[in-house]
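The values are calculated or read from the model by the stated rules, or taken from the named source; none is laboratory data. Keep in mind it's a predicted model, so treat the numbers as computed, not measured. Here the Cβ is made from the backbone with ideal geometry for all residues, glycine too, and neighbour counts use every protein chain on show. For accessibility, only protein heavy atoms count, side chains too; no ligands or nucleic acids. Shrake-Rupley method; radii C 1.70, N 1.55, O 1.52, S 1.80 Å.
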Amino acid sequence: MIGRLNHVAIVVPDLAAAAESYRSTLGAKVSAPLALPEHGVTTVFVELPNSKIELLFPLGEESSIAKFLENNPSGGMHHLCYEVEDILAARDRLKAAGARVLGDGEPRIGAHGKPVLFLHPKDFFGTLVELEQA
Ligand code: CO
């Protein structure tokens, strides 16, 4: 059911420094920062030949990743995003299998303008999983 690895998201304590490190030290193609107030994050996308890395920094008081950064002050991997063809079919299949879908279970529009859902990390070996309809 899951397809390509769309991106790996990493929460970072300093977005500009992280972007610069990916650009100059790792030699990757890096986007300008993009504020997504509805998701409580500012993101920088690192484009790789076969996938993307999403650098995340908290935006606003309500940011869901502020706590993550508190617990992981030097940053850390936050989630993996897999592509699916049909997000509602994927959700229904996962729910039937006992997996917990976060929030109200309805897809939201994610950072790439496509419907996304998040799955509980306890159901996937300690890893927060995002599904994005490709
Ligand atoms: Co993501």
Checking Gly27 against (1) open to solvent by 50 Å² or more (accessible area, probe 1.4 Å); (2) at negative phi, which test does it fail?
-> (2)
Evaluate region 36-47: report whether one residue or more is within 30 Å of Ala97 (Cα to Cα) and crowded, with 21+ Cβ neighbours inside 10 Å.
-> no
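So, of the residues in region 59-68 that are open to solvent by 30 Å² or more (accessible area, probe 1.4 Å) and hydrophobic (A, V, I, L, M, F, W, C), which turns out to be farthest from the ligand (Cβ to nearest atom)?
Ala66
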Members of region 76-114 found to be open to solvent by 90 Å² or more (accessible area, probe 1.4 Å) and within 13 Å of the ligand (Cβ to nearest atom), listed by number | Met77, Arg108, Ile109
